[in-house]
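First the structure, which I've put down as structure tokens, then a few questions once you've had a look.
The values are calculated or read from the model by the stated rules, or taken from the named source; none is laboratory data. Remember, predicted model here, so these are calculated numbers, not experimental data. Glycine also receives a Cβ, built like all others from the backbone with ideal geometry; neighbour counts cover every protein chain displayed.
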Amino acid sequence: MTNGNGNRSESNGERSNYYYDAASKRRIPLVREPRVFAVRYRSGRSSRDSNLSTHALRLLREESKNIGFIPNYGLQLYQTNPEAISLRTDPEEQLQDVITRVKKLSTEEPVDYAAVAYLRNPEKRSTLVDDLMFVTREFIVQFEPRMAMEEIEAFNAKYGVRIIKELGYVENGYLLEAPEAEGENGPVVLSNIYYESGKVIFSHPDFIRRRHLRETGERVRGSFNPAVVSARAEQPVYLLQQWHLKTAKVLDAWGITRGSGSIKVAILDDGIDTGHQEFSGKIVAQHDFASGGDDGSPNTNDDNHGTACAGVAVAKGVRASGAAPGCSLIAVRYPDFLGLEEEAQMFRWAKDQGSDVISCSWGPKDGTGAVDPLPDNVRAAVHYCVTQGRNGLGIPIFWAAGNGNESVSNDGYASNPEVMAVAASSNNERRSPYSDFGPEVFICAPSSGSGSLGEWRIFTVDRRGSNGYNPDPDTGISHPANDHDYTDDFGGTSSATPLAAGITGLLLSINPNLRVEDVKQILRDTADKIDPSNGNYDVNGHSNLYGYGRINALKAVERARDSGQGTIGTVGRPTINGPDSISRNNQPPAFQINTGGRSFYAVEVATRAELFNTGSHGSERNSSNFYASWTVRLENVTPYNLPADVWDRLKQADNLFYRLHVANDVNWSNHDVTVTDNQADTAPSVQILAVSSPSSPATGLSIKGPDSISRSSQPPVFQINTGGRSFYAVEVATRAELFNTGSHGSERNSSNFYASWTAGLENVTPYNLPADVWDRLKQADNLFYRLHVANDVNWSNHDVTVADSQADTAPSIQIMSGTTGSEKTITFPSGSTFRVVDTPQDGIDYSDPVGNGTVPLIEVRDRMQENISKNFKVKELAATDGARYARISPELVAGLQRIRDRVGSAVVLNSGYRHNVLNETVGGADESQHITGRAADIRASAKSPLDLARIALEELGCDIGIGLGRNSIHVDLRGQLTSWRYEGAELSENEFDQWVRDTCQQLGRRHSERAEYSERVLPKIIGPEVYVATDEAPAFYIEIGPNSYYAVEIATHTDLFSSQYEAERNPGNFYSSLEREGLIEAHGAATTYTLPKEVWERLRGEKRLYYRIATSAMPGSNMLYSTTDQQAANAPWIEITGGRQEREEFAVSPLDLQATRKADENLWRK
């Protein structure tokens, strides 16, 4: 039997043995490694938990050993002890036995999920963590574009799958969560079922894998005589050591350009020392995909690679220089282990931050000979960059070909035709012996060579001080190798790749209008055919060793500069595009400009096309029918916005014709025009409409932000209604008058104004103000805002909520200092933030004698229609009598949304919050949970009440109140399991009680503690179970819930967590990040925290380190602890072991990242 994708259907057991590569339409074999498995515990739980069954304790404590921890996923890694565990002799029986036992772990109350590891190379059996892949419950899917959300939700509900988030880089793409991590309800089987259904384009598990760097080669310094160098060793002296810049003709290219700060080169790697003098003032954006924070700096002792790569690309040239010292830098930190979805999000983030070039010097493990496919979702994210980046021109992406002396065809990343694979050549203009080869190699660039042949390595930036590749400087600083902020020991295709990326930064600096294909053609055409006797260049000029040759920066920059003469096809022709139509009452039209490689441009507009013919109609031009921007100045910033006063003069016409002039300089050298005088009648035009187009009425066009926000809060979120348009842009300003472009536009700067259209038009709501923009603007007293909408990226059918002439009417957000209690806020799953009210003003009794006010009171009267989750509005959970205030638990809202996602269709709320008067009016119980704001009565036409009750238990847990009615159910978050029935229910009281107990037993759920503060989920922190004292500082996985700030506490004894013993705390027994760093702002729901190095030095001699986390909505507000003072005795701990030998006592394979990295680096060093 075949399915919709033409594949033979399999049993669910067979479906766990493969996954699909949609690009090649083939199955990729999956092989289990039964000796290694991963466990994710619930917060504060571990293999020591007394609630674990005897079976679980035996497997975890006697028959296995903890071998590592992946902090950004909270995964504990275990390896079975072959001498202790009872394994079957038949390999298949052995595998099934382990899978069964591990799957059973997931039903244990302290365990979130557990799963056996997979081999990354199915043909190589290994227990090394480097060679394994791990799964959670998540898988990644792109549904067919024809599938509507209702159909997607119904399909997901069929398998108990829920949507976690949209992917954002591909249409109809989602990260999904399976019910389990193992078995027929796990992500492997379900992703295959989805693919075989014919309803998806791709579907595969979110595998977690280790990143491998591409730095390698033998360590041999180049010929350099320190005796001729002065003791101060200024930059020109260091430049002599950078032979690769001379070989690639970069020094010659600098005679034309050293790069523009407007061109941003993104380095996706293990972090960049952003405080280094070579990067000062260059960093325009940074992000850590381990913590989710906006710091792209190294986080472990071994995070050295990215700094060196960034140095090769864009170092300023204080001592070391990058290929493009004038270009800006975007720093992205990629942790050692990352899931495929986060890997793809790196590219989306880089594109959305405005990257012009991306450099990647990592990939699958080198030298294995195994084929490692490019995951479909990462392929889609790369495609998103290449096609959507740079306003549609595309982002050139360079990828290290690899250092395994093997075919690059094996590497799905580097062989992707949408990227450029970079091989390495030596200072002798020969192939570096480690460099991968094959038809997919695009180009090569100078890098390290063979030590045995005396070939050199690369001098570049190193991490400062005692970190990095060169941590121990010799006496003096005269030789570059002796300056420990630099290294002359870098190399591999890791160095060749950012060199090519930096050179491309030069190309785009001289001609920012180049498309990706133009960049490729320039590099192809201008590369030098080195080593012709061994290169075997084909008729197209391609070599499997060198691609199209060794990159030549001078020739490439010259070609980019001269491209306006049409030397690379259509890129030399300028273009201008305006909207098809515009209303007279709209803002002035904007024009998209392509200068064809020229530096400057001017726009002419006319109410009659013939006015462009200077000779025959030039004398008829006047201010009411013609305008030329060159009468003011030549422009070099795009897009072009017609001045408001010009628009006011010309908009009474029926059409506005336009054309573009371009030139290399203000003297009009190399001039060109889109429409010549004798072709004036062919000029394009904008149709001017009397009113906005009736096909897309502006009715309902609106933007709504919070009334107030604290400076210490996350950036504000805006609710958007586009009034039927497809795209929108948001403008914010610290003064309303700045919205008047004509009178105050010249006063705008990055400290008082931001327009989202500078990064592209939006089509996803709500709109989140970028963090870096919020940081720049939040010192003002108010933030004014307005919304632009349009049908397409050419701004056709444009409209705006506040016109320039009405700027003083723009709505605003009051920005508060964040120190007073009146500024406490509560945030819902939609991102909407509400101010907490201490003293209600309308005289109604809003007291909460049942929950003691743990769910805060908020003002809701004017925000009833606002979404607080994807499908629920305020009015559905607020009091039904329209009271001004309400108590609504964000945790309840999140739970109801999960129930709705599972149902796959509408879930109706019969009742939510009730204040005391309303509760008495409707005959509610005196201690009704509705008074607390953490209860709801719900029904769904697609589900029976009993089916809905089961979904509620699955999604909310078995520590809730649940009542069964005739057509609906009651749910509340009371913190203990309580069940009852209402009149007309299909089961009796006893029958329903027994059904609830049986269901919870089937789900493997027992009673668990719920937060006393029901308005939010208790924060979670998970650390390694076992840690070696000689390793670098441990990291912790953290989920902070809806709060924005957190602090971590470490203690050598649990009593020290209590304020009662505060006087006994000292640096040798206690650490609080609050005292050292203040409250830490989290960026996203999950993050990681690494214990500071100096703290670890003090505490690692202890046998145990206990830990907990505290979170807060904002500085100064109440703290919520993962483990309260009263529960301190139950705080989780890390067991500190004395050394690696103790940890390897039965030949386990520990998570020894330092050793693995050194193996990577020394692969070709002899």
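Among the residues of region 267-281, which ones are farther than 13 Å from residue 320 by Cβ, outside any strand (DSSP E or B) and either in contact (Cβ under 8 Å) with a residue 60 or more places away in the chain or not hydroxyl-bearing (Ser, Thr, Tyr) (or both)?
Hits for region 267-281 are 271, 272, 275, 281.
Which strands (runs of 3 or more DSSP E) sit wholly inside region 827-940 and have at least 2 residues that are closer than 22 Å to residue 977 by Cα?
On the way: elements: 833-835, 857-859, 885-887, 908-911, 935-939.
Because the criterion is at least 2 residues that are closer than 22 Å to residue 977 by Cα, the strands (runs of 3 or more DSSP E) in region 827-940 that meet it are 908-911, 935-939.
Of all the residues that make up region 420-439, how many are in a loop (DSSP other than H, G, I, E, B) and surrounded by 24 or more Cβ atoms within 10 Å (Cβ to Cβ)?
Matching residues across region 420-439 total 5.
May I ask you to list the residues in region 324-338 that are closer than 18 Å to residue 169 by Cβ and either surrounded by fewer than 24 Cβ atoms within 10 Å (Cβ to Cβ) or touching a Gly at 6+ places or on another chain (Cβ under 7 Å) (or both)? Steps first, please.
Within region 324-338, the first condition is being closer than 18 Å to residue 169 by Cβ, and the residues that meet it are 330, 332, 334, 338.
332, 338 - these are the residues of region 324-338 that are closer than 18 Å to residue 169 by Cβ and either surrounded by fewer than 24 Cβ atoms within 10 Å (Cβ to Cβ) or touching a Gly at 6+ places or on another chain (Cβ under 7 Å) (or both).
When you scan region 132-172, how many residues do you find that are assigned to a helix (DSSP H, G or I) and either more than 25 Å from the chain's Cα centre (by Cα) or assigned by TED's automatic domain parsing to the domain that holds residue 374 (or both)?
6
Something else: Of the residues 657, 612, 626, 600, only one is free of Cβ contacts under 8 Å to residues at least 40 places away in the same chain and of a type in the set (Phe, Trp, Tyr); which?
626
Which of (1) modelled with pLDDT of 95 or more; (2) crowded, with 23+ Cβ neighbours inside 10 Å does residue 364 not meet, given it meets every other one?
(1)
Related question: When you scan region 709-717, do you find a residue that is in contact with a strand residue (DSSP E or B) (Cβ under 6 Å, 6 or more places away or on another chain), crowded, with 19+ Cβ neighbours inside 10 Å, under 24 Å from residue 643 (Cβ atoms) and outside the structural domain of residue 1079 (by TED's automatic domain parsing), even just one?
Checking region 709-717: not a single residue is in contact with a strand residue (DSSP E or B) (Cβ under 6 Å, 6 or more places away or on another chain), crowded, with 19+ Cβ neighbours inside 10 Å, under 24 Å from residue 643 (Cβ atoms) and outside the structural domain of residue 1079 (by TED's automatic domain parsing).
Kindly indicate the residue of region 1042-1065 that is of a type in the set (S, T, N, Q) and either in a helix (DSSP H, G or I) or modelled with pLDDT under 95 (or both) and also nearest to residue 1136 (Cα to Cα) among those meeting that condition.
1054
All but one of (1) assigned to a loop (DSSP other than H, G, I, E, B); (2) modelled with pLDDT of 95 or more; (3) not hydroxyl-bearing (Ser, Thr, Tyr) hold for residue 496, so report the exception by its number.
The single condition residue 496 does not satisfy is (1).
Need at least 3 residues that are surrounded by 19 or more Cβ atoms within 10 Å (Cβ to Cβ) and in contact (Cβ under 8 Å) with a residue 40 or more places away in the chain per element, so show me which strands (runs of 3 or more DSSP E) inside region 730-822 make the cut, counting only ones lying wholly within it. Quick ask: steps written out before the conclusion?
Values: elements: 753-755, 782-790, 812-816.
Correct list: 782-790, 812-816.
Right, another one. Restricting region 402-431 to residues that are among the hydroxyl-bearing types (Ser, Thr, Tyr) and touching a helix residue (DSSP H, G or I) at 6+ places or on another chain (Cβ under 8 Å), which is nearest to residue 526 (Cα to Cα)?
So the first thing to find is which residues in region 402-431 are among the hydroxyl-bearing types (Ser, Thr, Tyr), and the list is 407, 409, 413, 415, 425-426.
Those still in the list that are touching a helix residue (DSSP H, G or I) at 6+ places or on another chain (Cβ under 8 Å) too: 413, 415, 425-426.
Values: 413: 25, 415: 22, 425: 17, 426: 19 Å.
Only one residue tops the list, namely 425.
Given the residues 614, 526, which is the only one that is out of contact with any strand residue (DSSP E or B) (no Cβ under 6 Å at 6 or more places or on another chain) and under 30 Å from residue 254 (Cβ atoms)?
526
For region 537-575, what are the residues that are touching a strand residue (DSSP E or B) at 6+ places or on another chain (Cβ under 6 Å) and modelled with pLDDT of 90 or more?
If we filter region 537-575 for residues that are touching a strand residue (DSSP E or B) at 6+ places or on another chain (Cβ under 6 Å), which is where we start, we get 537, 544-552, 574-575.
Of everything in region 537-575, those that are touching a strand residue (DSSP E or B) at 6+ places or on another chain (Cβ under 6 Å) and modelled with pLDDT of 90 or more turn out to be 537, 544, 545, 546, 547, 548, 549, 550, 551, 552.
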